[in-house]
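Participant: The structure follows.
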Amino acid sequence: MSKIRVYELAKKLEKSNNEMVGILKNMNISIKSHMSSIDEDLVTEIEAYLKSAEAEAQKEALDEVEKLPVVKVREGASIAEAAALAGTTAGGAVKVLMLEGIMLPATAPADENILKILSVKFNKNLVFGEEPLDASDAPTDNKIKPQNAPQREKQKMNQHSTKKSKKDKGKKDAAKGEALRPPIVTVMGHVDHGKTTLLDNIRKTHVTDREAGGITQHIGASRVEYNGNTIVFLDTPGHEAFTAMRARGAQVTDIAILVVAADDGIKPQTVEALNHAKAAGVPIVVAVNKVDKPEAKPDRVRQQLSDYGLVPEEWGGDTIMVDISAKKGLHVGDLLEMVLLVAEMEELKADAAASPEGTVIEANLDKGKGPVATVIVQEGTLHRGDIIHTGSAWGKIRAMIDDSGKMVNEAGPSMPVEILGLESVPQPGEKFTTLSSEREARDLISQSEFERRETDMNKAKRLTLEELYDKMQGEEVPQLRIVLKTDVQGSLEAFHASIMKMSTNAVSIDIVHEGVGRISESDVMLASASNAIIIGFNVRPDANAKKIAENEGVQIRLYQVIYDMLDDIKAAMEGMLEPELREHTLGLAEIREIFRVPKVGNIAGCRVTDGLIRRSAKVRLIRDGVVFWNGELSSLKHFKDDAREIKSGNECGLSFEKFQDFRVGDVIEAYEILKEKKTLE
Ligand code: GDP
């Protein structure tokens, strides 16, 4: 039995993918997404369903307008006359009728059916009746606008009519402020698998908006047009830049294209790339490249990718894979189409009217132009003259240049632009926002300079096993994330299995990436971006990786003995369990006398009767056996001197944090809260 994909069917029936998915679900036809396929036999049934749904919507709409006051139309009136009574122009009415398949001139007489159509469309209750219309009164010019086909009808159309196109949907969202925005795509994959060739081919073939004879301007990202839709490609292929940005907290990429050469299959960097994209939660579209080569084995690539959890949709999975030849430009259009499909499913949105925000993707100091940065706008619209602030840099935008080398005055969502006018060079990965004054910008810069130093200090501490726990608070089940590198494949498998066995309900383990060979810079960046630790067995980091790990505060643990490693992981996981808090009583004191000290307030003269009182302790004030107050000490004195602790049998002076209402005879209980580590069973 032949099959048809939902997105193909959507195209055929002129529906958006989301609408089509909705329709099928309404019909109880089980599908996962627009990528699923259904039996072609069902198509007739679906068409019939749509027809009846439309007829029903039409009928309901008619019922609605019939509730409105009757507008009489003289028998034999022309379409133009009926149009005037419906509150539209003759041309407007003819167009509406044309869309319904009725081709008539405005002078033709209207019939019942035409009145119905115009009534529904223009929300009027047009009925043939006796009161003849004086044709000379009929307004026939363009000034009369349809009375804003009221909201109600629009809602009805949304509910019942499935005729809405994708574009209408965009418009509707625009009214709310949010509209669909172009996807931003990164191309990833192993070296020599054809990333650059693919990007070149796409840019050459699908970039339309170029000045005559102009050369593609390299600004770090390019806009590509396909079937009237825009896709933005980041110019630097590979996952390094992607992960470096993520390590700085920025995520620009919406979709990753994973290029795998069909003559070479999966290689270490393919796995890295897919793990990096997965760790970032970015959807992957696979381009199985070089299918023009006789030795190409695209199915083997699919098999290999399935082993890594990317199951092609034609095999029942949900990863889209397209066979292409980047060199010959074969099926590159299909690939772009798939990217747009994924983008549509992701419903990427931004509000062009919001306050502008985005990310710096490239920055450098140009001898002539000064600091130059390419930014991608992620919310709002950036204008020339705006004052922007990136965290480490600020400036007033003197000029903006788009990817075709044109000067532009504004840049909306997903648009990459090079900006001039910054006072210094920002860091790629920094987020930008706009400010209202230069003064505000200067203040913020000094503030963020201060914060930067603070985070630098924190960074050094980040991700140590012992403190990872703090990071994980707030996560429902704390997760220990690991990048695992070993010397040989055999030990990798053994390690993987033993590590995963340690995952419990209380703390779960996620191996975000694993591989054979030295610990590389890319491993470190991935670990940093995903708050992971790196575990190496019989391998070492290279010098560069080591340096970056230090800068990024990523912990690398190296082992030669598997049990040492497992013990450490267990300790790390235990560290991540919320410690149990236990109260420990330190001692008791009794208030014997109250001293009033000018300006300072009341001091309780006490005698320690049991244990000891510590300056740092928490205290309770007990009056007649009832806890009267709970708080902290603000001072502990032995005669005139400050003391750290006073033992039983000694006198002391106590004052309390924001509390003075004590009396002679009150008892002070000092205690501490001890954190006790929970252990895994
Ligand atoms: P990158 O390292 O992933 O950016 O790979 P390149 O784009 O530099 O491509 C590496 C080599 O593969 C170059 O010699 C390309 O010409 C060649 N290549 C790329 N795509 C194809 C293809 O579709 N078919 C063939 N036959 N060769 C290709």
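Participant: Which number in (1) away from the ligand (no atom under 16 Å from the Cβ); (2) modelled with pLDDT of 50 or more; (3) aliphatic (A, V, I, L, M) marks the one condition that Leu198 misses?
Facilitator: (1)
Participant: Could you tell me whether segment 554-563 includes any residue that is farther than 17 Å from His239 by Cα, assigned to a loop (DSSP other than H, G, I, E, B) and modelled with pLDDT under 85? Show your work before the answer.
Facilitator: Going residue by residue through segment 554-563, those that are farther than 17 Å from His239 by Cα are 554-563.
Imposing the further condition that a residue be assigned to a loop (DSSP other than H, G, I, E, B) reduces the set to 554-555, 560-561.
Right, trim to modelled with pLDDT under 85 and you get 560-561.
Looking for residues that are farther than 17 Å from His239 by Cα, assigned to a loop (DSSP other than H, G, I, E, B) and modelled with pLDDT under 85, one finds at least one in segment 554-563, hence yes.
Participant: In this structure, does Leu62 turn out to be touching a strand residue (DSSP E or B) at 6+ places or on another chain (Cβ under 8 Å), among the hydrophobic types (A, V, I, L, M, F, W, C) and surrounded by 12 or more Cβ atoms within 10 Å (Cβ to Cβ)?
Facilitator: Details: touching a strand residue (DSSP E or B) at 6+ places or on another chain (Cβ under 8 Å): no; among the hydrophobic types (A, V, I, L, M, F, W, C): yes; surrounded by 12 or more Cβ atoms within 10 Å (Cβ to Cβ): yes.
No.
Participant: Exactly one of these conditions fails for Val360: (1) within 12 Å of Ala411 (Cα to Cα); (2) hydrophobic (A, V, I, L, M, F, W, C); (3) surrounded by 19 or more Cβ atoms within 10 Å (Cβ to Cβ). Give me its number.
Facilitator: (1)
Participant: Follow-up question, since we're still on this one. Looking for something within 16 Å of the ligand (Cβ to nearest atom), among the aliphatic types (A, V, I, L, M), crowded, with 19+ Cβ neighbours inside 10 Å and in a strand (DSSP E or B) - is there at least one such residue anywhere in segment 310-324?
Facilitator: Keep residues of segment 310-324 that are within 16 Å of the ligand (Cβ to nearest atom), which gives 321-324.
Subsequent filtering for residues that are among the aliphatic types (A, V, I, L, M) retains 321-322, 324.
From the residues that got through so far, the ones that are crowded, with 19+ Cβ neighbours inside 10 Å too are 321-322, 324.
Those left that are additionally in a strand (DSSP E or B): 321-322.
Taking every residue of segment 310-324 in turn, at least one turns out to be within 16 Å of the ligand (Cβ to nearest atom), among the aliphatic types (A, V, I, L, M), crowded, with 19+ Cβ neighbours inside 10 Å and in a strand (DSSP E or B).
Participant: Please report, ordered by residue number, the strands (runs of 3 or more DSSP E) entirely within segment 614-681 with at least 2 residues that are within 30 Å of Ser503 (Cα to Cα) and either among the aliphatic types (A, V, I, L, M) or modelled with pLDDT of 90 or more (or both).
Facilitator: On the way: elements: 618-623, 626-638, 645-647, 651-656, 667-676.
Because the criterion is at least 2 residues that are within 30 Å of Ser503 (Cα to Cα) and either among the aliphatic types (A, V, I, L, M) or modelled with pLDDT of 90 or more (or both), the strands (runs of 3 or more DSSP E) in segment 614-681 that meet it are 667-676.
Participant: Can you go through Leu335, Leu341, Leu305 and tell me which one is touching a His at 6+ places or on another chain (Cβ under 8 Å), surrounded by 16 or more Cβ atoms within 10 Å (Cβ to Cβ) and in a helix (DSSP H, G or I)?
Facilitator: Values: Leu335 fails: touching a His at 6+ places or on another chain (Cβ under 8 Å); Leu305 fails: touching a His at 6+ places or on another chain (Cβ under 8 Å).
The conditions single out Leu341.
Participant: With respect to the numbered conditions (1) out of contact with any helix residue (DSSP H, G or I) (no Cβ under 7 Å at 6 or more places or on another chain); (2) more than 16 Å from the ligand (Cβ to nearest atom); (3) more than 25 Å from Gln427 (Cβ to Cβ), which one is the sole condition not fulfilled by Ala363?
Facilitator: (3)
Participant: While we're looking at this one, here's another question. Looking only at residues in segment 202-222 that are modelled with pLDDT under 80 and not in a loop (DSSP other than H, G, I, E, B), which one is farthest from the ligand (Cβ to nearest atom)? Steps first, answer last, please.
Facilitator: First, pick out the residues of segment 202-222 that are modelled with pLDDT under 80: 205-218.
Those still in the list that are not in a loop (DSSP other than H, G, I, E, B) too: 205-206.
Working: Thr205: 14, His206: 16 Å.
Filtering segment 202-222 for residues that are modelled with pLDDT under 80 and not in a loop (DSSP other than H, G, I, E, B), the one farthest from the ligand (Cβ to nearest atom) comes out as His206.
Participant: Same structure, new question: Do the conditions hold for Asp235, that is, is it within 13 Å of the ligand (Cβ to nearest atom) and among the acidic types (Asp, Glu)? Even if it seems obvious, please write down each step before you answer.
Facilitator: On the way: within 13 Å of the ligand (Cβ to nearest atom): yes; among the acidic types (Asp, Glu): yes.
When the stated conditions are applied, Asp235 passes them.
Participant: All but one of (1) touching a residue at least 60 places away in the same chain (Cβ under 8 Å); (2) of a type outside the set (Val, Ile, Thr); (3) within 16 Å of the ligand (Cβ to nearest atom); (4) in a loop (DSSP other than H, G, I, E, B) hold for Ala250, so report the exception by its number.
Facilitator: (3)
Participant: Conditions: (1) more than 22 Å from Glu552 (Cβ to Cβ); (2) of a type in the set (D, E, K, R); (3) within 16 Å of the ligand (Cβ to nearest atom). Lys349 meets all but one. Number of the miss?
Facilitator: Going through (1) more than 22 Å from Glu552 (Cβ to Cβ); (2) of a type in the set (D, E, K, R); (3) within 16 Å of the ligand (Cβ to nearest atom) one by one, Lys349 breaks only (3).
Participant: I'm trying to understand the selection: among the residues of segment 261-291, which are more than 16 Å from Asp334 (Cα to Cα) and either within 10 Å of the ligand (Cβ to nearest atom) or not in a helix (DSSP H, G or I) (or both)?
Facilitator: Kept after step one, since they are more than 16 Å from Asp334 (Cα to Cα), are these residues of segment 261-291: 261-283.
Across segment 261-291, the qualifying residues are Ala261, Ala262, Asp263, Asp264, Gly265, Ile266, Lys267, Gln269, Ala280, Gly281, Val282, Pro283.
Participant: Another question about this same structure. Out of segment 223-254, which residues are more than 30 Å from Ala532 (Cα to Cα), at pLDDT below 90 and either crowded, with 19+ Cβ neighbours inside 10 Å or among the small types (Gly, Ala, Ser) (or both)?
Facilitator: Within segment 223-254, just Gly228 meets the criteria.
The values are calculated or read from the model by the stated rules, or taken from the named source; none is laboratory data. Computed from a predicted model, the values in this text were never measured in an experiment. Reconstructed Cβ throughout: ideal geometry from the backbone, glycine too, with neighbour counts over all protein chains shown.
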